[in-house]
Amino acid sequence: MSNNSASSSSSLVIAQKAVKQLRLEASVRRIKVSQAAADLKTFCIQNAHKDPLLMGVPSSDNPFRPPKSCVLF
Amino acid sequence: MLFSPWCALEEQFIANVSSPASAARARRSGRVGLATASRSTSDPHPAEMATHELHPNDTLTTLKMESENLKAKLEEERAKLHDVELHQVAEKIEALGQFVMKTRRTLKGHGNKVLCMDWCKDKRRIVSSSQDGKVIVWDAFTTNKEHAVTMPCTWVMACAYAPSGCAVACGGLDNKCSVYPLSLDKNENLAAKKKSVAMHTNYLSACSFTNSDMQILTSSGDGTCALWDVESGQLLQSFHGHGADVLCLDLAPSETGNTFVSGGCDKKANVWDMRSGQCIQSFETHESDINSVRYYPSGDAFASGSDDATCRLYDLRADREVAIYSKESIIFGASSVDFSLSGRLLFGGYNDYTINVWDVLKGNRVSILFGHENRVSTLRVSPDGTAFCSGSWDHTLRIWA
């Protein structure tokens with residue numbers, strides 16, 4: 001096992017790093033959830049028409065959907 | 001003030017930070033520390049906090065007090081801005097209709113569990129890796145295999161396609177990430193051209209090229225992430241902060257800058273600045289290992305999938321979790337997640353062999369897809385959003401549309 005002073009200084013260093021990191025995280029600029037949520041919603045709605053998996057794409061346009069009447073797998 | 005009972009606080013700190021020897025010492029000295037600490041009960045003034053450097057004389061007890069103080073302050077600040085739930089904001093939007101998504105292609109050829117896959121930017125090629133050490137490049141339209149490489153190790157847990165489409169990267173139990181240039185000559189031995197780029201001290205869990213073929217970002221069981229130069233193999237930046245294995249990573253969409261998110265066995269999702277190596281935000285709300293993280297298409301949020309059977313959405317500007325995607329009937333872990341192009345749908349591959357499709361805004365499940373005969377281990381939506389691919393422990397990959 002390591003000697004007493006070495007392990008105490010290493011846990012001190014770890015604690016110092018933890019405090020430093022927490023200070024950084026605490027100082028982050030935040031916005032309200034209502035605003036953030038509104039922006040997420042706006043993005044979804046604006047891009048919905050371009051989303052093939054959401055809108056469904058006619059078989060002729062989608063390379064993965066063969067233009068057949070039934071799919072066997 | 002929001003101080004929890006002193007003994008609980010002390011135990012929590014000791015559990016997080018100390019080795020067994022120093023824990024015993026902290027407990028013995030704990031009573032003395034508590035008496036002096038009770039004098040100051042207010043938050044440090046912001047100016048004080050900025051100028052107060054960390055002195056060598058700071059004892060474990062004053063540091064732990066500040067640590068708890070900061071954590072409480074963080075939660076308080078986050079809670080102040082929590083004025084509404086995401087699904088409430090989404091109430092007025094039309095609900096999604098029934099989805100008909102089926103397996104359109106099945107890629108067979110791996111001899112063992114498929115562990116990872118990635119799409120090429122050309123929207124038709126796919127690279128996949130398996131427990132048997134094989135890495136295969138497929139043409140997803142025709143299901144033909146274009147290239148196959150046998151790695152010197154088993155459990156190839158990570159693979160990625162280069163942006164140019166001219167190379168693939170992979171690694172796993174060999175603790176390395178290697179890059180293989182893909183040649184047009186199908187007969188050429190790819191293994192001969194292999195380039196070892198990354199070296200970790202434990203298994204490679206995930207890898208991704210950055211915007212070019214020149215740099216690779218990796219995450220590892222050794223608890224770190226790292227950025228490497230492909231040409232020289234040089235370590236450009238390392239990212240320390242996870243307390244356990246890092247299992248996944250995802251780069252922010254290029255418009256939003258140089259950050260990436262990682263998830264680990266310490267239940268934390270960390271957002272990192274790629275240039276400085278600094279962890280800029282950290283989220284710890286999952287109750288178990290985070291297996292997969294993926295940015296929302298706008299770059300303002302990211303989703304995570306975890307062994308606690310939930311997927312969650314975290315907004316980066318609100319700095320908090322804003323949605324949980326879960327059901328009582330879902331009890332198996334989510335292994336991988338990805339968004340549809342608009343971010344409205346979240347696809348989750350689970351260990352109960354199914355894929356659940358979630359309405360990101362309203363929070364409900366819109367579809368459940370069956371087909372795989374074992375755990376779904378990896379899932380990615382194609383670059384143009386027309387389909388998504390899932391890989392499974394049943395040795396196959398499936399393309400769904």
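The values are calculated or read from the model by the stated rules, or taken from the named source; none is laboratory data. Computed from a predicted structure; not experimentally measured. Here the Cβ is made from the backbone with ideal geometry for all residues, glycine too, and neighbour counts use every protein chain on show.
Okay, residues lined up against (1) over 25 Å from the mean Cα position of the chain (by Cα); (2) closer than 21 Å to B:T259 by Cα; (3) of a type in the set (S, T, N, Q):
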residue	(1), (2), (3)
B:S129	no, no, yes
B:A140	yes, no, no
B:W155	no, no, no
B:K176	no, no, no
B:A191	yes, no, no
B:Y203	no, no, no
B:S212	no, yes, yes
B:T224	no, yes, yes
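The residues on offer are B:S238, B:S276, and the sole one that is out of contact with any strand residue (DSSP E or B) (no Cβ under 7 Å at 6 or more places or on another chain) and not acidic (D, E) is B:S276. Of the residues making up segment B:381-396, those that are part of a loop (DSSP other than H, G, I, E, B) and of a type in the set (V, I, T) are B:T386, B:T396. Scanning segment B:253-271 for residues being away from chain A (no Cβ under 12 Å) and modelled with pLDDT of 95 or more gives a total of 10.
This table checks each residue for (1) farther than 27 Å from B:L70 by Cβ; (2) at pLDDT 90 or above; (3) in a helix (DSSP H, G or I); (4) more than 7 Å from chain B (Cβ to nearest Cβ).
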position: A:S11; (1), (2), (3), (4): no, no, yes, no
position: A:R30; (1), (2), (3), (4): no, yes, no, no
position: A:H49; (1), (2), (3), (4): yes, yes, yes, yes
position: A:P67; (1), (2), (3), (4): yes, no, no, yes
position: A:F73; (1), (2), (3), (4): yes, no, no, no
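Filtered by the rule that a residue be part of a strand (DSSP E or B) and not hydrophobic (A, V, I, L, M, F, W, C), segment B:353-380 gives B:N356, B:D359, B:R365, B:S367, B:S377, B:T378, B:R380.
Scan segment B:79-93 for residues that are under 26 Å from the mean Cα position of the chain (by Cα) and either over 21 Å from B:A303 (Cβ atoms) or more than 7 Å from chain A (Cβ to nearest Cβ) (or both) and report the count. Residues that pass the stated criteria total 3. The strands (runs of 3 or more DSSP E) found entirely in segment B:305-352 that carry 2 or more residues being within 14 Å of chain A (Cβ to nearest Cβ) and farther than 24 Å from B:E373 by Cα are B:311-315, B:320-325.
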